[in-house]
Amino acid sequence: MAYQYRLNDLDINSDIELPELYCSHQASGTNSIHIATGKTPARLDNAHYSNPIYSIDQSTILLTIENCARYLIHNGRKIIIEPFRQADSNSVRNFLLGPALSLLFHQRKLLTVNASAMIIDGMGVLFIGNSGTGKSTMAASLQQQGFLPMGDTLVTLNTGADGSILVHSGLPHLKLWSDSLNALQLDQQQLAPVRTELNKFIYPLKEITAMPVPLARIYQLTEDRLDLDAMRFERANPLESMTLFSHNISHSGLMPHMGLTQQRFQYASAVIKKTPVFRFFRPWNLEQLKPTVDALLQHMTSQPEQP
Amino acid sequence: MKRIFWLASYPKSGNTWLRLFLNNLLHDNEEPVDINDMPLSNTIASAREPLDQMISLESGELFAHEIDQLRPAMYEAWSNNSTCKLYCKCHDAYTWNSNGEPLLSSRATRGALYLVRNPLDVVVSYAHHNNCNIDKAIRQMANTHHGLANSHTGQYKQLRQRLLSWSGHVHSWQNAVRIPVHTMRYEDMQLDTINTFTKATRFLQLDNNQADIEQALEACRFDKLREQEVRSKRFRETPAGAKAFFRKGLVGSWRESLTDNQVCSIIDTHGSVMYLLGYLDSQGNPVY
């Protein structure tokens, strides 16, 4: 194998260089993931579910990103990439190291969440929310306050031996739009774009923990459409928590087609049983980042009230 | 199955009024519908979240032209997964994606109610809506590449919408021959209200009687909507930075706001379409 990496206790052998991952110098185990380039089918003949992007059969998922590449994700063990002509390599890696690996993790029954994660006072905190609601920007702001981010891509959760929910770091970077980088006064000149010609950049994290930490809280980042300046926290009740969290499991909508409906319910109920979920209504305005972070840090030191 | 009726318009052309009318028409309570809690027709064609759910990807990491390739399938899924007719707001011009498919899939579309308003009035309202000056709004409405949610440095909550120029928007919908389109002028909604809304109701395949229609119109009279907006402090669809959503809503209020040069500029750019829609007389003078 040309390149060896390690992520979430998993060894990855890759035919292509993946500078976004940490190199590994250990011999890979038998349970490793193999990433190769090669021919892939245009569709899966025995697919039981298809849409313009995904085709799913018993053991394989075909992910097709137009103008970029096809990814054949097989049995939690192997991903074959077929880049399309003129695809840029940043794009090919972006969809490999995001959705393709996340789907492979699902095949391995690993719970991946669409969240940015932080360590605050030794405990894990997740920020969830719809795409574009500022999860990564929040993580970068907190890093500037001295807290340690755990990434915003391929963050995974599992249950520890003592029954606690553990957060595992994702990829050692945050993905930030140029607007956010500017607001945070971070220089984007040296950063690689997520995709060539896209003004969203990979901001590397110099320090990221390899050790999982117990999950303490989950915050859903949102705004009050009736009062855009509102800044308040509301604890979600168990049913709301279940819904909010379930929606933020990676590929949540595809899990039923992967035979993982029961798994999704079990994942989500285990997490919300142990973890308070808060809605954080705040102005989604980059000029308001400082007071937003201040309010959040103050809330984190408080005892969670009952829903 | 074709279940979607698009409630389509260039912005500030009466779309919200139409949707509030439909909400009042189709709900059972005596009380007018809360402007911030419309039970029906709340979906907009450019909503990002449903697309993200369908594709299980961060759509912000796709380029607008790539998203356009996925949008027809999204509307087909909306249509196929629904058991009833859907009334969906839409500000997009009627355009095709690079696969040669209409963005608003014909396989999902039952019809489109296209609202149009005198551009002399639109420009004043659009400037207020975007918190910009009138000259900028005039330039935007003349720009054939104008769109909404079109940033390249951040991510909008909505998907990119190509508006084209104001004239281009009108042309695009008049040329949408693959789907039934019923065009409705804002001026007729104001000046021949019951007749205009009754025709719209019939086009949308609703069988409500005249009394229902009159009651729904009463519930969404402009002064009542503005009163609700003041009482609730904010209408949820008001863009950040805009002071109020329901401002004047009058026909011909441009006469108090536009300079002669601004009027000439708009007529120079959009005169031929304005004439076809009855906004200019045969001498080229504004009708309203």
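The values are calculated or read from the model by the stated rules, or taken from the named source; none is laboratory data. Everything numeric here is computed off the predicted structure, so don't read it as measured data. We place every Cβ from the backbone using ideal geometry, glycine too, and count neighbours over all the protein chains shown. Heavy atoms of the whole protein, side chains included, go into the accessibility calculation; ligands, DNA and RNA do not. Shrake-Rupley method; radii C 1.70, N 1.55, O 1.52, S 1.80 Å.
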> So for the pair A:GLN145, A:ARG235, with labels modelled 7 Å out along Cα→Cβ, what separation do we get in nm?
Replying inline: 2.0 nm
>> I need the shape label for region B:112-240. Rule: rounded when a/c is under 1.5, else prolate if a/b > b/c, else oblate, with a, b, c from the alpha carbon gyration tensor.
In response: oblate
>> Under 8 Å for C-alpha pairs, at least 6 residues apart: give me the relative contact order for chain A, rounded to a whole percent.
In response: 14 percent
> Hey, if you drop one equal point scatterer on each alpha-carbon of the protein assembly as shown and run the Debye formula without solvent, what base-10 log of I(q)/I(0) do you get at q = 0.08 Å⁻¹?
Replying inline: -0.62
> In chain A, what percent of the accessible surface is made up of carbon and sulfur (1.4 Å probe, ligands and nucleic acids excluded)?
Replying inline: 48 percent
>> Classify chain B from the C-alpha gyration tensor, please: rounded if a/c falls under 1.5, else prolate or oblate depending on whether a/b exceeds b/c.
In response: rounded
> Computed on protein heavy atoms with a 1.4 Å probe, what is the summed buried accessible area for the chain pair A and B, in Å² to the nearest 100?
Replying inline: 2600 Å²
> Which value at 222 nm does chain B reach when only helices count, each DSSP H run of 4 or more adding -39,500 (n - 2.57), with the total divided by all residues and rounded to the nearest 500 deg cm²/dmol?
Replying inline: -12500 deg cm²/dmol
> For the residue pair A:THR301 and A:ALA47, what label-to-label distance in nm results when each label sits 7 Å from Cα along the Cα-to-beta-carbon direction?
Replying inline: 5.3 nm
> Taking A:LYS39 as the anchor, which lysines have their alpha carbon closer than 22 Å to its alpha carbon, excluding any fewer than eight residues away along the same chain?
Replying inline: A:LYS78
> On average, how many beta carbons from a partner chain sit within 10 Å of the beta carbon of a residue in B:153-160?
Replying inline: 5
> Could you give the accessible area per residue of region A:106-202, probe 1.4 Å, as a whole number in Å²?
Replying inline: 34 Å²
>> Applying a 10 Å radius around every beta-carbon, put B:264-274, B:213-223, B:16-26 in order of their mean neighbour count, most first.
In response: B:16-26, B:264-274, B:213-223
>> At 7 Å along Cα-to-Cβ for each site, give me the label-to-label distance between B:LYS243 and A:ASP121 in nm.
In response: 4.5 nm
> Stretched out fully, how many nm does the piece from B:ALA211 to B:SER282 gain, at 0.36 nm a residue minus the Cα gap?
Replying inline: 21.7 nm
> Using the Cβ atoms and a cut-off under 10 Å, what net charge is assigned to the surroundings of A:MET138, where Lys and Arg are +1 and Asp and Glu are -1?
Replying inline: +1
> Relative contact order, percent, of region A:3-108 when contacts are C-alpha pairs under 8 Å separated by at least 6 residues?
Replying inline: 19 percent
>> Quick check on region A:3-108: take the gyration tensor over C-alpha atoms, sort the square-rooted eigenvalues as a ≥ b ≥ c, and tell me if it's rounded (a/c under 1.5), prolate or oblate.
In response: oblate
> Under the definition of partner shielding as Cβ atoms of other protein chains within 10 Å of a residue Cβ, what is the mean value for peptide A:49-56?
Replying inline: 4
>> Give me the net charge for the shell around A:GLN266: Cβ to Cβ below 14 angstrom, other residues only, Lys and Arg +1, Asp and Glu -1.
In response: +4
>> Taking the Cα centre as origin and putting +1 on Lys and Arg beta-carbons and -1 on Asp and Glu beta-carbons, what dipole magnitude results for region B:79-160, to the nearest 20 debye?
In response: 220 debye
>> Suppose the chain between A:ARG77 and A:GLN185 were pulled fully straight at 0.36 nm per residue; how much longer would it get relative to their current alpha carbon spacing?
In response: 34.8 nm
> Near B:LYS243, which lysines are there with a Cα under 22 Å away, not counting those fewer than 8 places off in the same chain?
Replying inline: B:LYS12, B:LYS136, B:LYS157, B:LYS224, B:LYS233
> At a 1.4 Å probe, which residues in region A:121-141 are at least 50 Å² less accessible with all protein chains present than in their chain isolated?
Replying inline: A:SER131
> Of all accessible surface on region B:204-272 at a 1.4 Å probe, what whole percent is carbon and sulfur?
Replying inline: 48 percent
> In deg cm²/dmol, rounded to 500, what helix-only [θ] at 222 nm does chain A give when every DSSP H run of at least 4 residues adds -39500 (n - 2.57) and the total is split over its residues?
Replying inline: -6000 deg cm²/dmol
> Heavy-atom accessible surface, probe 1.4 Å, ligands and DNA/RNA ignored: which residues of region B:32-61 lose at least 10 Å² versus the isolated chain?
Replying inline: B:ASN36, B:GLU49, B:ASP52, B:GLN53, B:MET54, B:ILE55, B:SER56, B:LEU57, B:GLU58, B:GLY60, B:GLU61
